[in-house]
Each structure stands twice: as structure tokens, then as C-alpha cells.
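Down below is the structure, laid out as C-alpha cells.
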Amino acid sequence: MIAALVTLLLAAGAPVFRIDPALGDAATLAAHAQDAWSDLTARYEAATGAAPSLPGRPLQIVADPALPGSWNGASRPGIVGLRPGSPADPAFDRALRHELAHQLLWAACPAASADRLFHEAFAVAASGQLQDWADGPYLSLGAARAELARVPSLDGPTARRALARMLSEWHPGSDGLPEPLHRRLERCASGATWTPLTAAELDVRDAFHEGDAFVVVSRHSGEILELDGEARRAMPFGSTLKPFVLAAADRWPKLRPRAGQPEWACGTTLPPIVDGPTALLRSCNGYFLDWDEAAPFGAYGPLLARLGLGRAPARMSEAIGLAADLAISPLGLAEGYRFLAEGRPDILALMRRNALQGTLAGLPASAALRAVATKTGTVRDSTSEPRLGWIVAVDDDVVAVMTRAGRAPRTFAEAFATALRTLPRAATGPARVQTFGLVDPGPIRVACEGVPAVVTRGGPVLPAGPDAGLLDLVRQGPALCLGAPWSVHWPGIGPRSYAGVFKYSPAPAEPGPDRAARARRGSDFVFRTTLGRYVAGVLEAEDGDIASSARRALARVVAANVRHSRHGRRPVCDTTHCQVFLGTRPPRPADLDALAQPELQGGWRLFSRGGDEPWTQEVEAKRVDALLGDGARDLRFSEGQVRFDRTERGAQGWYDEALELGCERLRAPLRLPSCPDSAERVGDRFVFVGHGSGHGQGLDVEWAKRSGLSADAILRHAYGDAVLGRGP
């Protein structure tokens, strides 16, 4: 038969092929062999940077009718035996590529000639046969690794399926090969001493890190409140992303458990029909694998990829953590849950049942976690022992994530509950404020150095470009900047830092003709941040130099006022009509100390810059007439009021009328530093004379700074003993 072979040399850089005519048209088969060899050579060169050595003799490709029934090819150095077939048949073509891969390794890497696992792994991966063997019932990584370590031969279907299962977990590199094979080809080219490839080396789980971490992120501002251990390092995530699978789906299937399948072993008993909520609470892998959604994360895939996952999962086993070729950091996972909490409160409601009915039920810590939405995840080794445990929790104010290497979540649930319970909470609650009510909303732009994301009914929308119009974003839904504060700017102003969530909430009235009317109306933008960041931002805007006990006193006033809006049921505004707010700031220790004190009693508490610095300001008389009426004269000021006379015409003729108005109704529209001490009309102008700054009522900030009193004494001086909850 050898004498009858047809010899063909198709191109330089390729071996000489001798083709058995029993396989059909020799030229056609040789062309297929040439293509396959070129592809294998390209993979080798991409991995090593060098061309592989050619076989030292012609390669014989012969028909082999003695192949076992399940085999399509076999090789020994220099000879490829194939089952007769057509090169156009994909199975025949992949068998040819598989056997030529062995021939290339025998020529290019003779040190590995006896390494059967390396040869088979390279041939399966480089030939395109991975999917052929990977299809079928689910096989866990642990079972696949154990099978490869157990069997003496890799020629059977069970061993090939186990090999394909392990190789398919790796995301292919630029050479199209899993990372362990890439590293092994580099060793071939370097001439390093060869050691046999092991099943452990092919286990993708060994490529990822497992470590202890604890991270807490504010749901409102996104700021990191706690960061311990390896919270920024990517780790395999176990089952922690299953809530995102439910969030991405239009509907959740109802499936029958399959008895005897280990992936359906989800607790002691399962109902005859399992739905999405039950599967989530039980963390039931079998449900999700049988569901087998083609794009498990839907619109959440790109978001999680940007948060550190790297790419959206291609199959359900990746999404639920059984395929360990993806990883995410605890901090990235916390950011993902921050968005999920904003967009899918229904999913969080399911997760709140976890401590009662799910994977954290029946523990001493369960009672402490019943009001918290939780999800656990466990990454296991080949013997099903825990390599890494995860607990995620979301409450009204924070997202917390804890990992522990070598431990299952239930073993550190008590430590997690304690860490969550002992978090400093005085400044972590929400503060809402209407923003940008005095400016045209159209030109306002926002930029995000983290991951910008908008909550919509269809899931997250990720804006394109370096910045976007704020109005365009929030009309789609609440807008978050994950991992960083928003940077806000508009023509002539900015950038300003806003750590929090913007939402579109149209004010009930149309904008007025002047600043005072617009301030009273409020804004269509509602911004949410933490109480600490809001208070620090107001203090910076109102008086950036305030410190010590005066700062503590004013911080408590600002914190109380944000809960007692001057806009009815709508939040406070960001102008002098309420409290000036020009963006968030990190709270100082004095702010946190103040916010830990009992809340001030009563409603809105006025304060102003105050002080004694004299000022004089001229205003056109027509502007005063527009506010007080034509002919207003003899303006007098006391106790926060402006009193004046005006001549009116009635049925009996002209008469003089004495009128009174809150001084703020005059001061704010005219933008006077404070309520004046006196006013004189001089021709077509009014000359106002006064001292200090602000409306002059409530807490005088400049006085407080000079007083040397404690914060409580300052508050009592400004508002009386009742403000502290104590009688006179």
C-alpha cells in the first residue's frame, strides 16, 4: 500500500505529503492537509514567536480500515491513519487536523513525545473538536479532573469528554489555545526540561486567586465605606451572580427536578415543580443548567464585563460559577449589586427570604440577616471541598461583600452578620436634594470615570462617549456612576463632583420668570447621596472655613433640615431658598461626630452667614417697586420683617397704607447680602445699608465661629432648649 501512495509537495514550509488513493482525490486531500498544517503552524508561531520544525520525512496519510468503531483517525510518527471519508465532511476534516497536530508536536517538541495528556489536549483544542466532546450532560470540573487523573488511556469517549470539559473552561488567547497549552508550547520552543502535563494544570480554578476580603459600598453615593483584604482582586464568584440571571429574563421557567442528578441536590426536599425564586433561594444549579438561557445575563452582561468580569458569559455554567474561567473582584461584585438594587427591587425582595428559606437559613446568624437581602456562593475543588466562600448582602443603605478562602458561607455567616451590624451608620442614610433648578437643564453635561449606567425597564443602558447630557440620561431612568462620582459641568460652571444617583422627577409647576420663583419651584432633577456627603457638601458651599464646635452645630442643623423640606413633599433644593449645595464632599471627622448625635427637634431651622461686616448696595427703584408695589417708601427693617408705606387709590380717593412683608421676600430677589438695617430712596435708586450676610434669622454662623461655645450651647442660643429635645 505504501508504494501506491501519491507524493505531493504543495508549498514551502510544509511537509511532503504522501496520500493514499484509497482516501479519494489525492490533490484535494493534500490541499486540506496543507490548510490544516498552516493553521497549526500559525498557532504554534503565535504562542512561541518561532516557526515549528518540519518532520524529517514525508508524512503518509493512509486509509486505515482497522480503526476502532468510535475512532476516525490514529497516528504514529510519520503516519496518519484515517477512516475513509470526504474532506468536505467536518468530522473527517477535524480528524485530519487532530492527527496532524500530533505530527507537528512530534517534530517541533520531541521532548514531549511521551506526554500523552499534552498531545491529546493540544490535538483536541487545535483541531476544533472541543465542542464535539463538550456537548452532552453536564460534567462538573471536579469530576472531569478526577476522570483524567484516573484513566490510563485518553482514547475513550469518557476521558475525551472530561478533557474537553476542562479545556473549554479557558477563554482562548490570541493563538486560539487555552493558557496552559500556550505556556507548554513556549516551553517546547525554549528547550526547557520537560515535565508531563497534569490534570491539575488544566483546571482553570487553579489559575484564579482565592483570598479573604470585606468591602462595603454605599447604595446612595457609591463611596467605599469599608475595604479590607483582597477586595480589589478578581476571584471565581461561585453562585453569587445567579440573581442577575433572573433579573435579565422576561420570565422564569418552571422545571421538574431530575432525581439522581447531583446538580439538582438543592436541600433536603424540593417541590415537584421548581420556579425561579425557589431555585435562587436554594442556589439550585440543576435548575439553571436545565434552563440553559443562551445569553444568561442579557443586558447585565456588558455591565458586569465593565465591572471586572471581562466578558459576558457564553453559557449558563459560566454565569452561575460552575465554569470557572471568569472572575470578578469583591468590589466589582458590590458595584454590580448596587445597580441591581436600584433597578430590580423585586429581586432584592426574593433575596430577603434567603436567611429564612434559603442557603443561610437555620443558623444562629439567620435572625440578624432576615431583614437583609443576601446571596451566597461557594467555589469547590475536585473533591467538593470549599475553596472560596462568598456572602453578599444588600440593605437599605449599603452593599456588603465578604469572601473567605477555604470556607463555606455558612461557616462565617456569624462573622459577616457582626461586621454588618457594627458598621458606623450615622452618615450612611440617604439625603435627597433637588438640583440645578436655577439653570437651563439642556446644557448640563455629566461624565463618569467609572462605569456609567442607567436603569431602564429592559435592564442597564451603558452610555457611549466620554460624557452625556444629564437630561437625556435621566429621562431614560435613574443614572448611576459605578466606581466613581459624577462630574457635572455646564457652560461657564464646573466641573462639580456629585457622588450619588440622579433621577428625573418633574416639579409640579412651570419655571417662574425670575430666580426667586424658580428657587421656590425646585427642579426636575432629584439627586440622592449619603447624609454625610450631603452635609459636608452644604457646609463647604455655605462656609468652607467653618470648623470645630460651630461646624458640628451647623452640621446638625443641615442634617435636620434635609428631612424637613421647604418644598412640601419634594426634597430640599440646592439654593439659598433652602441650603446651598454645590456637590458632594467627603465628611470630616467633626461631621461624622455631629451626625452621630440625636436629631434636632422641630421643623426647618434657619441659619445664615451672619457677622458684622458692613455693606452698602444700590438697587434700581423699579426692581424694588416690582416687589413692594409702586410708590413704596419709608422702608424699615426689624425682626426679619420689612415695613413700608404705600399710597393707594380707593373708592374715596387716595390714602396711605402701612404694609409688612418678610424681609427674605425682598432680600433674596435683590440678592442683598443680608436683611438691611436701613434703605433710602435717592432719585431712581434705593441705597441699602446693612451688616453681615444672610437673612439674619436662626443660627448666626459668624457669631458661632467666634463664640467658643460647645455645639449644644450654640444650638440652644440660636433656637432654644427645645431644639435638643429638652425643656427650658
- Message: Quick check on segment 427-435. Is at least one of its residues within 24 Å of Leu281 (Cα to Cα), crowded, with 22+ Cβ neighbours inside 10 Å and among the small types (Gly, Ala, Ser)?
- Response: no
- Message: So in segment 243-268, with the set limited to residues that are modelled with pLDDT of 95 or more and aromatic (Phe, Trp, Tyr), which one is farthest from Gly362 (Cα to Cα)?
- Response: Trp252
- Query: Within segment 320-343, is there a residue that is under 21 Å from Gly276 (Cβ atoms), open to solvent by less than 10 Å² (accessible area, probe 1.4 Å) and acidic (Asp, Glu)?
  - Reply: no
- Test: residue in segment 543-552 that is at pLDDT 95 or above, within 22 Å of the chain's Cα centre (by Cα) and not β-branched (Val, Ile, Thr): no
- Item | Lone unmet requirement of (1) touching a residue at least 24 places away in the same chain (Cβ under 8 Å); (2) closer than 30 Å to Arg184 by Cβ; (3) not small (Gly, Ala, Ser) for Val215 | (2)
- Message: Given the condition open to solvent by less than 30 Å² (accessible area, probe 1.4 Å) and closer than 25 Å to Leu600 by Cα, answer yes or no: does some residue in segment 630-640 qualify?
- Response: yes
- Message: Can you tell me which residue is least open to solvent (accessible area, probe 1.4 Å) among those in segment 123-136 that are touching a His at 6+ places or on another chain (Cβ under 8 Å) and of a type outside the set (A, V, I, L, M)?
- Response: Ser127
- Filter pass, Val461 being under 22 Å from the mean Cα position of the chain (by Cα) and open to solvent by less than 20 Å² (accessible area, probe 1.4 Å): no
- Here the residues within segment 464-485 that are farther than 19 Å from Gly537 by Cα, small (Gly, Ala, Ser) and either open to solvent by 10 Å² or more (accessible area, probe 1.4 Å) or touching a Gly at 6+ places or on another chain (Cβ under 9 Å) (or both) are Ala464, Gly465, Ala468, Gly469, Gly477, Gly483
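How many of the residues making up segment 93-108 are out of contact with any strand residue (DSSP E or B) (no Cβ under 8 Å at 6 or more places or on another chain) and among the aliphatic types (A, V, I, L, M)?
The qualifying residues number 5.
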- Task: Identify, by number, the condition in (1) modelled with pLDDT of 90 or more; (2) farther than 26 Å from Thr383 by Cβ; (3) of a type in the set (D, E, K, R) that Asp93 doesn't meet.
- Result: (1)
- Message: Residues that are within 12 Å of Gly437 (Cβ to Cβ), open to solvent by less than 50 Å² (accessible area, probe 1.4 Å) and of a type in the set (Gly, Ala, Ser): list the helices (runs of 4 or more DSSP H) wholly contained in segment 507-620 that include at least 1 such residues.
- Response: 515-521
- Message: So Arg410 ticks every box in (1) touching a strand residue (DSSP E or B) at 6+ places or on another chain (Cβ under 9 Å); (2) closer than 30 Å to Thr529 by Cβ; (3) not in a strand (DSSP E or B) but one. Which box is left unticked?
- Response: (2)
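Quick grid of which residues meet (1) modelled with pLDDT of 95 or more; (2) among the aliphatic types (A, V, I, L, M); (3) within 29 Å of the chain's Cα centre (by Cα):
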site: Phe214; (1), (2), (3): yes, no, yes
site: Ile224; (1), (2), (3): yes, yes, yes
site: Leu270; (1), (2), (3): no, yes, no
site: Pro277; (1), (2), (3): yes, no, yes
- Which residues, taken from segment 183-211, are open to solvent by 10 Å² or more (accessible area, probe 1.4 Å), farther than 27 Å from Ala405 by Cβ and of a type outside the set (Lys, Arg)? Glu186, Cys188, Ala189, Ser190, Gly191, Ala192, Thr193, Trp194, Thr195, Pro196
- Message: As an exercise: evaluate Arg233 against (1) closer than 23 Å to Val399 by Cα; (2) modelled with pLDDT of 95 or more; (3) not β-branched (Val, Ile, Thr) and give the number of the one condition it does not meet.
- Response: (2)
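Yes or no, residue by residue, for (1) at pLDDT 95 or above; (2) not aliphatic (A, V, I, L, M):
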{"position": "Lys375", "(1), (2)": "yes, yes"}
{"position": "Trp390", "(1), (2)": "yes, yes"}
{"position": "Ala400", "(1), (2)": "yes, no"}
{"position": "Gly406", "(1), (2)": "no, yes"}
{"position": "Leu420", "(1), (2)": "yes, no"}
{"position": "Arg425", "(1), (2)": "no, yes"}
{"position": "Gly429", "(1), (2)": "yes, yes"}
- Task: Kindly check whether there is at least one residue in segment 379-398 that is touching a residue at least 60 places away in the same chain (Cβ under 8 Å), of a type in the set (Val, Ile, Thr) and open to solvent by 40 Å² or more (accessible area, probe 1.4 Å).
- Result: yes
- Message: Anything in segment 353-375 that is open to solvent by 20 Å² or more (accessible area, probe 1.4 Å) and of a type in the set (Ser, Thr, Tyr)? List them, or say none.
- Response: Thr359
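Return yes when Gly310 is out of contact with any Lys or Arg (no Cβ under 8 Å at 6 or more places or on another chain) and at positive phi and no when it is not.
Considered against the rule, which asks whether it is out of contact with any Lys or Arg (no Cβ under 8 Å at 6 or more places or on another chain) and at positive phi, Gly310 comes out as yes.
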- Message: So, in segment 18-40, how many residues would count as being closer than 16 Å to Ala123 by Cα and open to solvent by less than 30 Å² (accessible area, probe 1.4 Å)?
- Response: 4
- Number of the condition not met by Val488 [criteria: (1) open to solvent by 10 Å² or more (accessible area, probe 1.4 Å); (2) at pLDDT 95 or above; (3) over 18 Å from the mean Cα position of the chain (by Cα)]: (1)
- Message: For Pro77, only one of the following conditions fails: (1) at pLDDT 90 or above; (2) in contact with a Leu (Cβ under 9 Å, 6 or more places away or on another chain). What is its number?
- Response: (2)
- Got a sec? Which helices (runs of 4 or more DSSP H) wholly within segment 121-205 have at least 1 residues that are of a type in the set (Lys, Arg)? 141-150, 157-167, 179-190
- Cβ pairs under 9 Å, 6+ apart, first in segment 585-614 and at positive phi, second of a type in the set (A, V, I, L, M): Gly602/Ala560; Gly602/Ala722; Gly602/Val723; Gly610/Leu699; Gly610/Val701; Gly610/Ala704; Gly611/Val701
- Restricting to segment 677-720, what's the tally of residues that are part of a strand (DSSP E or B), open to solvent by less than 20 Å² (accessible area, probe 1.4 Å) and more than 30 Å from Asp630 (Cα to Cα)? 1
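The values are calculated or read from the model by the stated rules, or taken from the named source; none is laboratory data. Computed from a predicted structure; not experimentally measured. Using ideal geometry, Cβ is built from the backbone for each residue, glycine included, and neighbour counts are taken over all protein chains shown. Protein only, heavy atoms only, side chains kept; ligands, DNA and RNA dropped before computing areas. Shrake-Rupley method; radii C 1.70, N 1.55, O 1.52, S 1.80 Å.
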